[in-house]
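One structure is given below, encoded as structure tokens.
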Amino acid sequence: MKTALVTGANKGIGLGIARQLAQEGIYVYLGSRNLENGQKAVEQLKLEGLTKVETVQLDVNDQASVDAARAYIAGKVDSLDILINNAGVGGGTEQGSLTQSPEAIKDVFETNYYGVVRMTQAFVDLMRGSDAPRIVNVSTGLASQTVATDSSNPYYGVKLTGYQSSKTALNMYTIQVAYDLRDTKFRVNAVCPGAIDTDMNRNPGTEPVEVGAARIVKYALIGDDGPTGQYFSEAFFPETAAPW
């Protein structure tokens, strides 16, 4: 049976991703900072008939928590097939480049960038035993420098220093991890779910969670001939919607 770990999976896109992976018959570990909230999410999925799910306490900002989650999962399975680095923070709406404090920017990077580094480095060895290891880092179209510099783009005026910079850094890290794993079966990609209706962005999204989750899950299930080291944002760049 395939196994997957989704960070930040107790609600929003993370829960949607966990649901869709479980629907594919994959055993899913739902990472949640608050174990009680994670258990509630698991109970919700079980009421839907999805029984191959369980929660694990996981705070991507805390190395001890990451290591404990890794030890727990390694004690239950020989290998992990899928890692979805979904946990993230928005950082608020006031993020001017000249006004957002270095401390506030650092807080955003701690989750959105360093959290992914911690998770990837902690779990990559456990994933090496998989026949088809897949890492998907949840990014955003707002991390695109093309979008950020194109004054004709409807999102040109969105400038969130900490959030966008952290996700741009995440995209580069994705490329570097894929390069370091280039001679393996790993497929490592960064994917934008789109403008999704979630708590993190205070629900201004134009698409439901199910749509955003499906965009992420697609890259968790690609074959060995699928892309790696790429950044996909179908909502911002429809031409990237290839049928992998």
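The values are calculated or read from the model by the stated rules, or taken from the named source; none is laboratory data. Everything numeric in this text was worked out from a predicted model, so none of it was measured. Don't worry about glycine lacking a Cβ; one is built from the backbone with ideal geometry, like all the others, and counts go over all protein chains shown.
The listed residues are I135, I196, and the only one of them that is at pLDDT below 85, under 24 Å from D107 (Cα atoms) and either hydrophobic (A, V, I, L, M, F, W, C) or out of contact with any helix residue (DSSP H, G or I) (no Cβ under 7 Å at 6 or more places or on another chain) (or both) turns out to be I196. Applying the criterion of being of a type in the set (G, A, S) and either closer than 19 Å to T99 by Cβ or at pLDDT 95 or above (or both) to the residues of the stretch 151-188, the residue that is farthest from the chain's Cα centre (by Cα) is G157. Against the conditions (1) hydrophobic (A, V, I, L, M, F, W, C); (2) assigned to a helix (DSSP H, G or I); (3) closer than 20 Å to V211 by Cβ, A64 satisfies every one except (3). Of the residues making up the stretch 1-44, those that are buried (at least 24 other Cβ atoms within 10 Å of the Cβ), in a strand (DSSP E or B) and either of a type in the set (A, V, I, L, M, F, W, C) or in contact (Cβ under 8 Å) with a residue 40 or more places away in the chain (or both) are A4, L5, V6, V28, Y29, L30, G31.
Only residues that are outside any loop (DSSP other than H, G, I, E, B) and surrounded by 22 or more Cβ atoms within 10 Å (Cβ to Cβ) were counted in the stretch 124-151, giving 8. Set side by side, the residues D78, D67, D107 differ, and just one is over 25 Å from V158 (Cβ atoms) and under 19 Å from the mean Cα position of the chain (by Cα), which is D67. In the stretch 205-221, the residues that are under 13 Å from F232 (Cα atoms) form Cβ pairs under 8 Å with partners that are among the aromatic types (F, W, Y), at six or more places apart or across chains, as follows: R215/F232; K218/W244; Y219/F232; Y219/W244.
Across the stretch 81-102, the qualifying residues are those that are polar (S, T, N, Q) and closer than 16 Å to Q164 by Cα, and the one among them that is farthest from the chain's Cα centre (by Cα) is T99.
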